[in-house]
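The values are calculated or read from the model by the stated rules, or taken from the named source; none is laboratory data. Please read all numbers here as calculations on a predicted model, not as lab measurements. Here the Cβ is made from the backbone with ideal geometry for all residues, glycine too, and neighbour counts use every protein chain on show. Just so you know, the surface numbers come from the protein's heavy atoms only, side chains and all, with ligands and any DNA or RNA stripped out. Shrake-Rupley method; radii C 1.70, N 1.55, O 1.52, S 1.80 Å.
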Amino acid sequence: MINIPKGTKDVLPSQVYLWQHIENAARAAAESYGFREIRTPVFEHTELFSRGVGEASDVVTKEMYTFLDKGGRSITLRPEGTAGVARAFVENGLQGGAMPFKAYYLYSAYRYERPQAGRLREFHQFGAELYGSPSPLADAEAISLADSFLKGLGLTSSLHINSIGCPVCRAKYHEALKEYFRPHLSAMCEDCKTRFEKNPLRMLDCKEEECKKIAAGAPRILDYLCEECGAHFEEVKRLLTAAGVSYTVDPLIVRGLDYYSRTVFEFVSEAAGAQGTVLAGGRYDGLLSEIGAKPTPAVGFAAGLERLLMVLKAEGKELPAPPSTMCYVAGLDGASRETAFLLANRLRALGVSCETDLMERSLKAQMKYADKLGVRFVAVVGEEERKKEAAQVKDMVASTSEEVPFISLAEYILGKYSKS
Ligand code: ATP
Ligand code: MG
């Protein structure tokens, strides 16, 4: 027997409705803000991610699923959704189209990580991207969409925001960080020693306890913002307050990917412990030029669906009931089984979901199966019923039984459903 690869999960038919619940909430929220779905390939040229996500990021240095295809090209399974959307936006000439451009995606993503609760090698994300607007209104709109999606799911999470400035103010901040970290460097992890050289900002995001303790005393980016970045951040905060979205400013948020500038944010749930960040995003004005396109301001976010599901369960939220089939059509003998089979098709065409006997079982066994399915109605067809062209309909909830002509069966069932 061959097992599932480490860090991946099956979603079984009995559980998939919970995923659909989250996906439907995502689609509804995004569409209500005028975002439309985009679908891009699962794999891209490796260079898109190494340049887009950033050479120094954990994702690119350690986590990518990269391989040579049979043509000798370096291909990578997408570790996130943003770079592929950016490529599609440029490649399809949308940079010259109507602005802002707004798109959302529901994607699988792949990262070679140490599997644990809420951390998988294949996981799923809902993401939204908005191109073309440098205005704080765009930041506020992305955050507001994220907030309304999470609230729509009934989730309690808190919004943490920060600004990591632009390349100009960040250069000064990098110097300040280096000055602060230099004397502590020997006590820090190997990754942080590399980050010190390549991107000291990333040292604030280290998950090692010792490094975290040291990082807590580091200078704060907010004290180093240039005038424009400072004003942009103030305006984002003001708009959020006006929109009734509460937040805390958290100067330690820097995000794991390299393309962010100015606003960064995370929605954190207390219920999920260490993997509590359910949704994260920010402004990424630098990404488009990073992948060789005309610079275009952008802002977006991604939410991990596995983590959302984990948090929804941990918070004890009322989840939707699993869907159930309305009717089971039972056949008593060979000929009746065929009538039941055809009757089921007729009912489906009229909007009644139903099942019928495919196992050629006894009525008793069929009733047991119908009970397991949780159907509300069982329509029994035998020789007598065939002659009368009417089924014996059992209401499994009310424990009643009634004869209903085949011709009015759909109307009968739908009528009862609409009343309950
Ligand atoms: P973390 O700091 O937890 O590693 P990240 O910065 O790598 O997160 P992003 O790249 O911003 O995360 O991805 C956005 C969201 O996707 C995360 O907030 C999380 O909910 C989810 N996510 C990221 N990596 C994984 C994973 N390996 N398994 C499951 N969900 C993930
Ligand atoms: Mg990560």
Considering segment 48-98, residues that are more than 11 Å from ligand 1 (Cβ to nearest atom), modelled with pLDDT under 95 and of a type in the set (V, I, T), and then whichever is least open to solvent (accessible area, probe 1.4 Å), we arrive at V60
E228 meets each of (1) touching a residue at least 24 places away in the same chain (Cβ under 8 Å); (2) in a helix (DSSP H, G or I); (3) acidic (D, E); (4) touching a helix residue (DSSP H, G or I) at 6+ places or on another chain (Cβ under 7 Å) with one exception, condition (4)
Flagged in segment 298-352 as open to solvent by 30 Å² or more (accessible area, probe 1.4 Å), more than 16 Å from ligand 1 (Cβ to nearest atom) and in contact (Cβ under 8 Å) with a residue 60 or more places away in the chain, in numbering order, are K317, E318, L319, P320, P322, P323, M326, R346, L350, G351
Review point. Can we say S158 is in contact (Cβ under 8 Å) with a residue 24 or more places away in the chain, in contact with a helix residue (DSSP H, G or I) (Cβ under 6 Å, 6 or more places away or on another chain) and of a type in the set (S, T, Y)?
Key: no
The condition from (1) assigned to a strand (DSSP E or B); (2) in contact with a helix residue (DSSP H, G or I) (Cβ under 7 Å, 6 or more places away or on another chain) that G282 misses is numbered (2)
Residues in segment 110-121 that are within 7 Å of ligand 1 (Cβ to nearest atom) and of a type in the set (A, V, I, L, M) total 1
Residue pairs within 8 Å by beta carbon, gap of at least six or interchain, first lying in segment 110-130 and under 18 Å from E44 (Cβ atoms) and of a type in the set (S, T, N, Q), second near ligand 1 (Cβ under 8 Å from one of its atoms) and part of a strand (DSSP E or B), listed first then second, are Q125/A109; Q125/A302; Q125/A303; Q125/G304
A303 passes all but one of the listed conditions (1) assigned by TED's automatic domain parsing to the domain that holds Q95; (2) within 30 Å of S158 (Cβ to Cβ); (3) touching a helix residue (DSSP H, G or I) at 6+ places or on another chain (Cβ under 6 Å); the exception is number (3)
Condition set open to solvent by less than 20 Å² (accessible area, probe 1.4 Å) and in a helix (DSSP H, G or I), scope segment 158-175, selection nearest to L287 (Cα to Cα): answer is C169
